[in-house]
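The structure appears below as structure tokens.
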Amino acid sequence: MDILVIGSGGREHALIWKLNQSNKIENIYSIPGNGGITNLAETVNISLDNHEKIIKFVKENNIELTIVGPELPLVKGIVDKFQKENLKIFGPKKEGAILEGSKLYSKNFMEKYNIPTAKHIEIKEYNIGLNYIEELNLEDYPIVLKADGLAAGKGVIIARDKNEAIEGLDRLMKSKDFGSSGEKIIIEEYLDGIEASLICLCDGKTIVPLESVKDYKKAFNNDLGLNTGGMGTYSPNKYYTEEIDDKVRQKILDNIIKGFEKEGIEYKGVLFIGLMLEEGEPKVLEFNARFGDPETQALMIRLETDLLELIESVLEGTLDKQEIKWSDKPSVCVILASEGYPLGYEKGKKINGLECIENSTVFHSGTKITNNKFYTNGGRVLGVVGLGDTLEKAIETVYEDVRIIDFEGKQYRTDIGM
Ligand SMILES: Nc1ncnc2c1ncn2[C@@H]1O[C@H](COP(=O)(O)OP(=O)(O)O)[C@@H](O)[C@H]1O
Ligand SMILES: [Mg+2]
């Protein structure tokens, strides 16, 4: 069959790389894709906002299955529109994607179905937020302020004192840094612990976690610097123990399925659960309605089952009978970013050394190809991903290749997996 993958990041490159190994797939299309994806798929430049044009393209090219990478098309209802046209698409409908699209909705969902999470209050007006902050005591800090709507991973502010809390409130509700996403906000309790990402497949009735992954969000070593889209990952996550896994299944996954049943939500797709492990207790920070990036890069390299088979079992509702095989070998993904990321950065730097990489797999995020040469075209540029008999060996292999690839302003963490 011919398929389409929507999106342009390392996540989409990794998914396409894996789907390309399926013997049931003939042609892969990618909207809009990136430099690296051009080697595996036909990239087509259609705006991700233009769902009608994407549907027209799918019909004209007899594409049998569409896979959605990023959250925005899901939250805007691309799946509902495809289904109306009887076109097969992988991802939750609007009613499910709202778990990512509205943090307030998802907090209320968690509370209603007894899913452990930080205590929160909803703030609908600036003045009410200000009064709330005025009445807090010194020992109530830190607190966490979150824009309700999508904010490209930038709408969460951790305030350590009253000044920072008011400053955060101002950014969200006064200067409206995140536009209508900050019309309503959440103020929640700060959870102290270790973060873990759990990416699950869900067919509406069954929810199956994929292998655990640890991600590194901060720009620099030792978790210093600003939050980014992610500077690296490794899998399996050494902090995600069997004991934690048991608790996650009992207190979180089972209750999510109960919630879907009670609310009448038919959730088919990926459910990404951001967790904080607080003194051995898993608590949900947030839900995402899609694969994580760069988590997906470290996972696809370890996945042995045909990804198309998994996607079809989600769509057919047979996930309970589906086996998922993984390589025993740990994987590591190191992101090479442009100097300055996650703030301002330059684009258009020539990338050298890619042809010398033998032991790792390189997934492209922000790259473009001109006259068969690759150039940087984004904040996160490449993900270098490797497997090893041990985590230490995987780290060694990946960092050898990280040093071979070169472009002006190359910036990366040297402590991924350590
Ligand atoms: N209640 C909390 N306690 C401590 N840290 C938090 C809390 N909520 C969010 N964070 C931190 O902020 C990051 C972003 O928050 P998250 O809810 O995942 O929103 P988003 O990914 O949409 O920005 C988290 O990965 C975590 O590091
Ligand atoms: Mg998050």
Exercise. Hey, any hits in the range 240-258 for a residue that's over 26 Å from G388 (Cα atoms), in contact (Cβ under 8 Å) with a residue 12 or more places away in the chain and touching a helix residue (DSSP H, G or I) at 6+ places or on another chain (Cβ under 6 Å)?
Worked result: no
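Could you please find all residues in the range 114-152 being of a type in the set (S, T, N, Q) and more than 18 Å from E164 (Cβ to Cβ)?
Residues of the range 114-152 that are of a type in the set (S, T, N, Q), as a first pass: 114, 117, 127, 131, 137.
Listed by number, the residues that qualify are N114, T117, N127.
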Problem set entry | Count of residues meeting criterion [without any contact (Cβ under 8 Å) to a residue 24 or more places away in the chain and more than 16 Å from ligand 2 (Cβ to nearest atom)] in the range 145-169 | 7
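Look at Y267 and say whether it is buried (at least 23 other Cβ atoms within 10 Å of the Cβ), assigned to a loop (DSSP other than H, G, I, E, B) and more than 16 Å from ligand 1 (Cβ to nearest atom). Give the steps one after another, and end with the answer.
Working: buried (at least 23 other Cβ atoms within 10 Å of the Cβ): yes; assigned to a loop (DSSP other than H, G, I, E, B): yes; more than 16 Å from ligand 1 (Cβ to nearest atom): yes.
Spelling it out, Y267 is indeed buried (at least 23 other Cβ atoms within 10 Å of the Cβ), assigned to a loop (DSSP other than H, G, I, E, B) and more than 16 Å from ligand 1 (Cβ to nearest atom).
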Problem set entry | Those residues of the range 379-412 which are part of a strand (DSSP E or B), open to solvent by 10 Å² or more (accessible area, probe 1.4 Å) and under 13 Å from L336 (Cα atoms), in sequence order | R380, D406, Q411
Problem set entry | Number of the condition not met by S235 [criteria: (1) open to solvent by less than 60 Å² (accessible area, probe 1.4 Å); (2) over 23 Å from R413 (Cα atoms); (3) of a type outside the set (V, I, T); (4) at pLDDT 95 or above] | (2)
Problem set entry | Meets criteria (farther than 26 Å from T296 by Cα, modelled with pLDDT of 95 or more and not assigned by TED's automatic domain parsing to the domain that holds I166) for E85 | yes
Problem set entry | Neighbours by Cβ (under 6 Å, 6+ apart or cross-chain): first from the range 36-47, without any contact (Cβ under 8 Å) to a residue 60 or more places away in the chain; second open to solvent by less than 50 Å² (accessible area, probe 1.4 Å) and part of a helix (DSSP H, G or I) | L40/I16; A41/I16; T43/I37; I46/I54
Problem set entry | Filtered residue count, the range 53-68, keeping only those that are in contact (Cβ under 8 Å) with a residue 12 or more places away in the chain and either assigned by TED's automatic domain parsing to the domain that holds T376 or loosely packed, with under 13 Cβ neighbours inside 10 Å (or both) | 2
Exercise. How many of the residues in the range 40-49 are surrounded by 13 or more Cβ atoms within 10 Å (Cβ to Cβ) and either outside the structural domain of G9 (by TED's automatic domain parsing) or farther than 13 Å from S8 by Cβ (or both)?
Worked result: 2
Exercise. Would you pick out the residues in the range 322-339 that are more than 24 Å from D306 (Cβ to Cβ) and polar (S, T, N, Q)?
Worked result: S338
Problem set entry | Condition broken by D80, with the remaining ones in (1) open to solvent by less than 40 Å² (accessible area, probe 1.4 Å); (2) within 22 Å of the chain's Cα centre (by Cα) satisfied | (1)
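Among strands (runs of 3 or more DSSP E) lying entirely in the range 190-231, which contain 1 or more residues that are closer than 22 Å to S331 by Cβ, within 16 Å of ligand 2 (Cβ to nearest atom) and of a type in the set (S, T, N, Q)? Walk me through how you get there before you give the answer.
Working: elements: 194-202, 207-209, 214-220.
The strands (runs of 3 or more DSSP E) meeting that bar are 194-202.
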Exercise. Filtering the range 159-216 down to residues that are open to solvent by 70 Å² or more (accessible area, probe 1.4 Å), charged (D, E, K, R) and within 12 Å of ligand 1 (Cβ to nearest atom), which residue is farthest from L310 (Cα to Cα)?
Worked result: R160
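The values are calculated or read from the model by the stated rules, or taken from the named source; none is laboratory data. What you see is a predicted model, and the numbers here were worked out from it, not measured in a lab. As a convention, Cβ positions derive from the backbone with ideal geometry for all residues, glycine included, and neighbour counts pool all protein chains shown. For the accessible areas, the whole protein counts, side chains as well, though only heavy atoms, and no ligand, DNA or RNA atoms are used. Shrake-Rupley method; radii C 1.70, N 1.55, O 1.52, S 1.80 Å.
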